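> Got a structure for you, questions after.
Throughout, read-outs are computed from the coordinates displayed, never taken from laboratory work. Source: prediction; values computed, not measured. Note that we place each Cβ from the backbone using ideal geometry, even for glycine, and neighbour counts take in every protein chain shown.
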């Protein structure tokens, strides 16, 4: 009986050390995952994402009123920081919606992974915490349903293709 109690205490102690006793919500989920072509996954937390070079663009979107100021990290800058080549990227959202962003868009436009709208962090309810934004106001050719379909909100993962 004493061995059984000691074994139970040892398992409990190990579980607590490994964080298995924490509720799922208390465990830090990745803020953004980036999957390279070879399958290697880089998980960024919020602080790591915020430490990347920042850019702000002002643009209209079909989901916001008037000009809005979006701040975040350019997709090409994220890839450069991770030493990954520019290639087409599949962007996956919280609800498993997925859209492909061509390499030509990443190179030719300021495709932004926004974490702020008008100076404030975005909640899931506000299409955050991460939202892919195209500079629609600066490029008339981007004003199309095709481009809008690539503006993935509630972004969780980028997979290089």
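> Name the residues of segment 66-89 whose amide N is less than 19 Å from a point 7 angstrom out from the Cα of residue 40 along the C-beta direction?
76-89
> Now a separate question. Indicate the gyration tensor shape class of segment 45-154 (rounded, prolate or oblate), computed on the Cα atoms with a ≥ b ≥ c the square roots of the eigenvalues: a/c under 1.5 is rounded; otherwise a/b larger than b/c is prolate and the rest oblate.
Values: a/c = 1.29, a/b = 1.06, b/c = 1.22.
Rounded.
> So, R0 is 30 Å and r is the distance between the beta-carbons of residue 161 and residue 126; what FRET efficiency does that work out to, to 0.05? Walk me through the numbers on the way to the answer.
Working: r = 29 Å, r/R0 = 0.96.
Here the calculated transfer efficiency is 0.55.
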